[in-house]
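The values are calculated or read from the model by the stated rules, or taken from the named source; none is laboratory data. Everything numeric here is computed off the predicted structure, so don't read it as measured data. Quick reminder, even Gly has a Cβ in these numbers, built from the backbone with ideal geometry, and neighbours come from all protein chains shown. Ligands, DNA and RNA are stripped out before the accessible areas are found, and what is left, the full protein with its side chains, is counted by its heavy atoms. Shrake-Rupley method; radii C 1.70, N 1.55, O 1.52, S 1.80 Å.
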Amino acid sequence: MSRGGSSAARRRMLRFEGWIAGLGTSSGMRVVLGHWQRSPFGAFSDVMLERADGERLLLAPTRETADFIAAVYVLDTVRVVPVRVGIAARTWSVTAGSLELRFVTGRCGPLGLLLRAVPGALARRPAWSTLMDRPARLVLPGVRTRGSARVGRREWYGARDLRPIRLVSAFFEGVDLGVTAPVEPPVRFGFGSVPKKPALTRVTTTVALGPE
């Protein structure tokens, strides 16, 4: 990690803290919500969708956040639309342009409880995410905790909680997306997917930009 550490020292490191929800639907649409309580852009939320035919869409609240996300992830369509997230107990309500989504989270399982024990300061360290990459792949196939999707961008994910999701309702462009389904095939926005079983993950994401 010594070579990676010296490289990282020359990079601009941006940190995002919040939650990522990933779920599939019986229509074939897969949904990934990012709800960021702290970020270089302030608090905001965004949604990435992958249709059954493979089209990847981003719904972001501002041109600034849309441009940044599109520079990190691989997307086919980008839309700047109001994105609103409401949380009441375990129920999440999301409105993003023509997307209307409601889901309920369940109780933490053993893995979620284990992740809760990870100190925040440790989860923020790219070296920790690098160390956890192989165990994450073994426990949650398709999930990775480090990598890159675009040239000049590297990412690290430090998970601190994991909760199951039960879909209540989802509509996009007036079409009912159906009931909850596994995230299958895996989404293709970046270097890894979300867990196959619909889940809400508390995460610290660190993005390293190219040398300034």
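For the reader, a short list of remarks on this structure follows.
- Residues that are of a type outside the set (Ser, Thr, Tyr), surrounded by 14 or more Cβ atoms within 10 Å (Cβ to Cβ) and assigned to a loop (DSSP other than H, G, I, E, B) within the range 126-165 comprise LEU140, GLY142, VAL143, ARG144, ALA149, ARG150, listed in sequence order.
- Selected residue (criterion: surrounded by the most Cβ atoms within 10 Å (Cβ to Cβ)) from residues of the range 90-125 that are among the small types (Gly, Ala, Ser), at pLDDT 90 or above and within 18 Å of the chain's Cα centre (by Cα): ALA96
- Test set (1) touching an Asp or Glu at 6+ places or on another chain (Cβ under 9 Å); (2) of a type in the set (A, V, I, L, M); (3) exposed (fewer than 15 other Cβ atoms within 10 Å of the Cβ) - VAL78 fails condition number: (3)
- Filter result (among the polar types (S, T, N, Q) and in contact (Cβ under 8 Å) with a residue 40 or more places away in the chain) within the range 78-114: THR91, SER98, THR105
- Looking across the range 201-212, just one residue is crowded, with 17+ Cβ neighbours inside 10 Å and either more than 22 Å from VAL74 (Cα to Cα) or among the charged types (D, E, K, R) (or both), and that is ARG202.
- Of the residues making up the range 188-212, those that are closer than 15 Å to THR145 by Cα and among the hydrophobic types (A, V, I, L, M, F, W, C) are PHE189, PHE191, VAL194, VAL203, VAL207, ALA208.
- Total residues in the range 157-212, condition at positive phi and of a type in the set (A, V, I, L, M): 0
- Scanning the range 166-198 for residues that are within 15 Å of ARG102 (Cβ to Cβ), open to solvent by 70 Å² or more (accessible area, probe 1.4 Å) and touching a strand residue (DSSP E or B) at 6+ places or on another chain (Cβ under 7 Å) yields ARG166, PHE171, VAL179.
- Scope the range 138-163; condition farther than 20 Å from PHE68 by Cβ and of a type in the set (Lys, Arg); matching residues: ARG144, ARG160, ARG163
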